[in-house]
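Chemist: One structure, pasted below without further comment.
Quick note: the coordinates plus some simple rules give every number you see, no bench work behind them. Because the structure is a prediction, the values reported are computed rather than measured. FYI the Cβ positions are ideal-geometry reconstructions off the backbone, even for glycines, and counts take in every protein chain you see.
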Amino acid sequence: MTNLSPAEIAGYLRQLGEGALVTLELFLTSFAAAFVLGVLIGVVTLSRSRIIRAVWRVYASIFMGVPSLLVIFLIYYGGSAMLSAVLGELGAGVDISPFGAGVAAFAAVYAAYIAELVRGAIDNLPKGQFEGARALAIPPLVMWGKVILPQAMRLALPGLVNVWSFMLKETPLVSLAGLQDLVASAKIAAGATKEPFLFFIATALVFIAFSALTLRLATVLEIRLDRGVRRPDARASAGAQA
Amino acid sequence: MKPSAETPGPLPAPEADEPAIGLYGVVKLYGRHRALDGIDLEVRRGEKIVICGPSGSGKSTLIRCINALERRDGGRIRVNGIDLTAEEGTVQDIRQEVGMVFQHFNLFPHLTALENCMLAPRLNRGLGKEQAERLAMRHLERVHLADHAGKYPARLSGGQQQRVAIARALCMEPRILLFDEPTSALDPEMVNEVLGVIEELAATGVTMVCVTHEMGFARRVADRCVFMDRGAIVEQGPAQDFFANPRSERLRGFLAQILR
Amino acid sequence: MSALPVDLDLAWRSLPELLAGLRVTVLITVLPLMFGLALAFPICFARMAERRWQSLPAEIFVVFFRGAPLLILLYVVYYGFGQIALLREGPLWLLFGSPFGCVIVALTLNHAAYMTEVLRGSLLAVPSGIVEASEALGISRRHIFIWVKMPLAIRYGLKAYQNEVVSFVKGTAIVSVVTITDLTAVANGIFEQTYDPFTPILCAAALYWAFINLLRIGFELWGRWLARHQREEDSPRTAEAPGRFGLRRLSRLAKAML
């Protein structure tokens, strides 16, 4: 099937491994950034101020309505111009790397999705949570940090898992901006060795395996977070045996 | 032998004294739990049977075996002279002769009351639109809902929905009607309108098997009552005796609780 | 955002080219949406079958074509299948012989995998009691599927379908890597010529945004039409009810029911 020597294969595999690390780095950084930003935006835009809500709607509509690839290109090609316009002299010398553009783009786009999830989750919390906290005179920051957000996270978890999977599958886009990630390395290897199936399918399998693994972890997390929560379904199905 | 979807026409009528429904040694297992533990029951044509018992006694399971909504694990079932096998054609034939009314109505939400009633006759018997409409209106009139024919289930009350469900079952002109706790999901003020319709039906000579907790209704309508507990028939008998002289301890206890 | 210098003149001049790119984008959206949906039905049935030998291959298909990033799928088809001389010159040349064909194949397979899951979820969402009621009426399995399950599945699954379609449209932006001149490719091309990254990219973004929101509005209207039975006042019994009910061929049935 293949006419490569073991040494050559090992060499390419090493390159792929390095690329995979870059992809992992990109992914984790982007997700973390999107998460923090998303939670912040989600909480802030629940405000009663009409201006803030309008800005949120515009931001959400834009970043959920354009392809991530365009955002990546925009930041990569136009990033330094944007920075110098905003920061003046300071920004002029800063070069935007594909990695930086990728993280910024993913953060901007996925923060919108995560913010929406957070808003939805908080909306679904019983009002009593807020009232109880206020009645106990718990300071706002503590209320948010220790009462509201943990519960919101539990509700938002399935959605967050979706965002996780989806973002993972978009990380190859950054290779189109020049990042030497897993997909870029695979492309080079495939081209050089004329073995496209081998390298591309292997790459696909890596993504699939990583996704499956993290999905399993997410299920474990979900079970842990559900501790102490009444499960209405179990009781209903037990009683239905007439 | 089995009528295709397009050719109308009833199956050959069963012999005069053949029971409408016959269950012989019927067993149903859920894992290791014996939901039905060897049920023997015969229902004569035109007879009205009420099945009662505590939850988990298997009463719903029993009637759901009759029209194969539950697959039995042992024993024989015979409906209108046909042996109930696993074969798709036989099952469908039997289902077209046996109407069922569910506890939670189960109306088709995307169809009006009229369309709910028309669907089965059109698909099963190939009836034309006007024919099916006339048939459906006739049965909706029987349940006193002719004025609501164009309404969707979402706009109907629980009692009205259940009556539409009854009309829908009647449109297939079944020889046997099964009721699975038809009023258990209704608000109390609507129970009577539904029971009234069922009582009117009882007078028409159709064979009925009804699982219910409504003991007053059972006393008025049933020819025979059957008491089930833990998957077996504990006691059965003519309605009079059933309520007046319960023989078994368990039935006595059950009646005492229900009729408190 | 006054920091972004958008050259309105350039924007105006590029419009024809951008619109041509949009046309291509619409084409590579619509074709896979249709083919993918058609493919999703048999795969979904296999997926929901009771026999393992039917459900397992379907499961593998879904896991692979949903779990693999679209870009990689595109590479596999274009650099893999598209380079096999046998396929290029054989009867499948229509599919693999051209970049366009490769793109359609890759996008279709990806969308089919997603739609299989959307379809499966929607069918599972149909309350079992309603299906039982139709079974108890003696309606055949085929008829139950067409007249009860699918109409309800569509209502339950519409939101998920909308989400998938919108994501899909955004995903098509990658096809420029295999020389298809879609909207993104056009924007890139203009940037390469003029060294102005903002104008073409922002214009392309605006066009994507418009297209996507048009789709969203379409879905919203469709959803409202489907839910009319929940708000409808007493409809006149039968005479005026739009003929939903012929025993006609599936396509007309589907349109009428939907």
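Chemist: At each listed q (0.12, 0.24, 0.25 Å⁻¹), what is the log10 of I(q)/I(0) that the Debye formula gives for the range C:53-147 modelled as equal alpha-carbon point scatterers?
Modeler: So the normalised log intensities are -0.57, -1.14, -1.17.
Chemist: Based on the Cβ-Cβ distance from C:Leu92 to A:Leu13, what FRET efficiency comes out when R0 is 45 Å, to the nearest 0.05?
Modeler: Step by step, r from the Cβ atoms, then E = 0.90.
Chemist: Suppose we keep just the DSSP beta bridges with both residues in chain B; what percent of those would be antiparallel, to 5?
Modeler: 55 percent
Chemist: Have a look at B:Ala146, C:Leu95, B:Ile51 and report the one farthest towards the positive end of the charge dipole of the protein assembly as shown, computed about the Cα centre with Cβ charges (Lys/Arg +1, Asp/Glu -1).
Modeler: B:Ile51
Chemist: Work out the FRET efficiency for B:Glu141 and B:Ala203 from their Cβ-Cβ distance, taking R0 = 25 Å, and round it to the nearest 0.05.
Modeler: The value I calculate is 0.95.
Chemist: Which one of B:Ala218, B:Ile233, B:Cys171 is farthest out on the positive end of the charge dipole of the range B:155-244, using unit charges on Cβ (Lys, Arg +1; Asp, Glu -1) and the Cα centre as origin?
Modeler: B:Cys171
Chemist: Considering only B:Glu249, B:Glu181, B:Glu173, give the residue with the highest GNM mean-square fluctuation for chain B, with springs between Cα atoms whenever their separation is below 10 Å.
Modeler: Of the options given, B:Glu249 has the highest mean-square fluctuation.
Chemist: From a point 7 Å beyond the Cα of B:Asp17 in the direction of its Cβ, which residues of the range B:37-55 have a backbone N at a distance under 20 Å?
Modeler: Only B:41-48 fall inside the zone, counting backbone N under 20 Å.
Chemist: Let me ask something else. Modelling each spin label as a point 7 Å along the Cα-to-Cβ direction, I'd like the B:Glu173/A:Lys146 distance in nm, to one decimal.
Modeler: Distance between label points: 7.4 nm.
Chemist: A follow-up question, please. Using +1 at the Cβ of each Lys and Arg and -1 at the Cβ of each Asp and Glu in the range A:6-226, identify which of A:Leu217, A:Ala7, A:Thr45 lies farthest towards the dipole's positive end.
Modeler: Farthest towards the positive end: A:Thr45.
Chemist: Would you mind ranking C:Trp147, C:Trp225 by Cβ crowding within 10 Å, fewest neighbours first?
Modeler: The fewest-first ordering by Cβ neighbours comes to C:Trp225, C:Trp147.
Chemist: Moving to a separate point now. With runs of 4+ DSSP H residues as the only contributors, calculate the mean residue ellipticity of chain B at 222 nm using -39,500 (n - 2.57) per run, divided by the residue total and rounded to the nearest 500.
Modeler: The helix contribution divided over chain B gives -11000 deg cm²/dmol.
Chemist: Mind checking which aspartates and glutamates have their Cα closer than 18 Å to the Cα of C:Lys159? Skip sequence neighbours fewer than 8 apart in that chain.
Modeler: A:Glu116, C:Glu117, C:Glu220
Chemist: Could you size up the charge dipole of the range B:114-249 around its Cα centre, putting +1 on the beta carbon of Lys and Arg and -1 on that of Asp and Glu, and report it in debye to the nearest 20?
Modeler: Rounded to the nearest 20 debye, it is 540 debye.
Chemist: Which helices, counted as full DSSP H runs in chain A, have an axial Cα extent of no less than 30 Å and a Kyte-Doolittle average of 0.5 or above?
Modeler: Long hydrophobic helices here: A:6-44, A:98-123, A:196-225.
Chemist: Something else now. Under 5 Å between amide hydrogens, which residues at least 5 positions from B:Glu42 or on another chain qualify, with H placed 1.01 Å from N in the peptide plane?
Modeler: Answer set, sorted by chain and number: B:Leu23.
Chemist: Report the residue, chosen from B:Thr183, B:Thr112, B:Thr204, that carries the largest GNM mean-square fluctuation when chain B is represented by alpha-carbon nodes joined by springs under 10 Å.
Modeler: B:Thr204
Chemist: Compute the FRET efficiency between C:Trp222 and B:His213 as 1/(1 + (r/R0)^6), taking r as their Cβ-Cβ distance and R0 = 41 Å, and round to the nearest 0.05.
Modeler: It comes to 0.40.
Chemist: Under a plain spin-label model, where a point goes 7 Å from the Cα along Cα-to-Cβ, how far apart in nm are B:Gln240 and C:Thr194?
Modeler: It works out to 9.9 nm between the two label points.
Chemist: Something else about it: Average partner chain C-beta neighbours within 10 Å, per residue of B:119-132?
Modeler: For this peptide, the per-residue mean of nearby foreign Cβ atoms is 4.
Chemist: Same structure, new question: Separation of the range B:101-146 and the range C:181-213 by C-alpha centroid, Å?
Modeler: After rounding, the separation between the Cα centres reads 56 Å.
Chemist: Which residue fluctuates the most in chain B, going by a Gaussian network model with Cα springs under 10 Å, if the choices are B:Gly231, B:Gly22, B:Gly205?
Modeler: B:Gly205
Chemist: How do the peptides A:155-168, A:181-194 rank, highest first, by the average count of neighbouring beta carbon atoms within 10 Å per residue?
Modeler: Top to bottom by mean Cβ count within 10 Å: A:181-194, A:155-168.
Chemist: Follow-up. For the range A:173-197 and the range A:21-85, write down the distance between their C-alpha centroids in whole Å.
Modeler: 27 Å
Chemist: Sorted by mean Cβ packing within 10 Å, highest first, what order do the peptides C:95-107, B:29-41 take?
Modeler: Listed from highest to lowest mean packing, they are C:95-107, B:29-41.
Chemist: So, one more: How would you order A:137-150, B:48-61, C:188-201, A:24-37 from highest to lowest mean count of nearby Cβ atoms within 10 Å?
Modeler: Going by the mean number of other Cβ atoms within 10 Å, highest first, we get B:48-61, C:188-201, A:24-37, A:137-150.
Chemist: What is the magnitude of the charge dipole of the range A:6-226 about its Cα centre, with +1 placed on the Cβ of each Lys and Arg, -1 on the Cβ of each Asp and Glu, and no other charges, expressed in debye to the nearest 20?
Modeler: Computed about the Cα centre, the dipole is about 800 debye.
Chemist: Next up: By a straight-distance test (C-alpha under 27 Å), which lysines pair with A:Lys146 as possible cross-link partners, with residues fewer than eight away in the same chain excluded?
Modeler: Excluding near neighbours in sequence, the set is A:Lys127.
Chemist: Could you tally the net charge around C:Ser134, taking each other residue with its Cβ under 12 Å from the Cβ of C:Ser134, Lys/Arg +1 and Asp/Glu -1?
Modeler: +3
Chemist: Then there's this: Assign unit charges at the C-beta atoms only (+1 for Lys and Arg, -1 for Asp and Glu), then state the dipole size of the protein assembly as shown relative to its Cα centre in Debye, rounded to the nearest 20.
Modeler: Dipole magnitude for the protein assembly as shown comes out near 940 debye.
Chemist: If you count, for every residue in B:99-111, the Cβ atoms of partner chains within 10 Å of its Cβ, what is the mean?
Modeler: Per residue, the average neighbour count from other chains is 6.
Chemist: How many nm separate the modelled label positions at B:Ala154 and C:Ala49, each set 7 Å beyond the Cα in the direction of the Cβ?
Modeler: 3.7 nm
Chemist: Could you work out the mean count of beta carbons from other protein chains within 10 Å of each residue's beta carbon in C:48-54?
Modeler: The mean count of partner-chain Cβ atoms within 10 Å per residue comes to 0.
Chemist: Related question: Express in whole angstrom the spacing between the alpha-carbon centres of the range B:178-225 and the range C:111-161.
Modeler: The two parts, judged by their Cα centres, are 32 Å apart.
Chemist: Give the lysines reachable from B:Lys48 as a straight Cα distance under 26 Å; neighbours fewer than 8 places away on the same chain don't count.
Modeler: The reachable lysines, counting only those whose Cα sits under 26 Å from B:Lys48, are B:Lys28, B:Lys59.
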